[in-house]
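The values are calculated or read from the model by the stated rules, or taken from the named source; none is laboratory data. In this text the structure is predicted, and so the values were computed from the model without any measurement. Using ideal geometry, Cβ is built from the backbone for each residue, glycine included, and neighbour counts are taken over all protein chains shown. These area figures cover heavy atoms from the full protein model, side chains too; ligands, DNA and RNA do not enter into them. Shrake-Rupley method; radii C 1.70, N 1.55, O 1.52, S 1.80 Å.
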Amino acid sequence: MLKKIATDKAPAAIGPYSQGIIVDKMLFASGQIPIDPATGEITGKDITEQAQQVMKNVGEILKEAGTDYENVVKTTCFLAEMADFAAFNAVYEKYFTQKPARSCVAVKQLPKDVLCEVEVIAYLG
């Protein structure tokens, strides 16, 4: 059985999708961008500030699902510019200390022209 995750402490979906879905003991979370859930506005002008907000949003979805960063097994990270890779990693490594499997790619454009987006898969066991 599928269980939808929804929290007002992370941005509401901006399309026809859920913030996350739990199936069995796994959470599949949708990509998070640097939107402040309280205002609905993009937070931060540079990659460091935007990555911080993204990580906060990811953390709130993990919390709503009953888990945390330590149980993330896979991340997919999207950057608007690969030149931001090192600065993004400096923020990322503060949250994902157990070093889950990861893909990180540069894309042509992200929703709302943000600089980064992160999605996660976490074990809930």
What about Thr39, is it under 22 Å from Ile121 (Cβ atoms), hydroxyl-bearing (Ser, Thr, Tyr) and either assigned to a loop (DSSP other than H, G, I, E, B) or out of contact with any Pro (no Cβ under 7 Å at 6 or more places or on another chain) (or both)? no
Those residues of segment 23-55 which are open to solvent by less than 50 Å² (accessible area, probe 1.4 Å) and among the hydrophobic types (A, V, I, L, M, F, W, C), in sequence order: Val23, Leu27, Ala29, Ile33, Ile35, Ile47, Ala51, Val54, Met55
Would you mind stating whether Ile42 is closer than 17 Å to Asp113 by Cβ, modelled with pLDDT of 95 or more, of a type outside the set (Ser, Thr, Tyr) and in contact with a Lys or Arg (Cβ under 8 Å, 6 or more places away or on another chain)? yes
Enumerate the strands (runs of 3 or more DSSP E) found wholly within segment 56-125, keeping only those where 2 or more residues are without any contact (Cβ under 8 Å) to a residue 40 or more places away in the chain and either surrounded by fewer than 19 Cβ atoms within 10 Å (Cβ to Cβ) or not small (Gly, Ala, Ser) (or both). 101-106
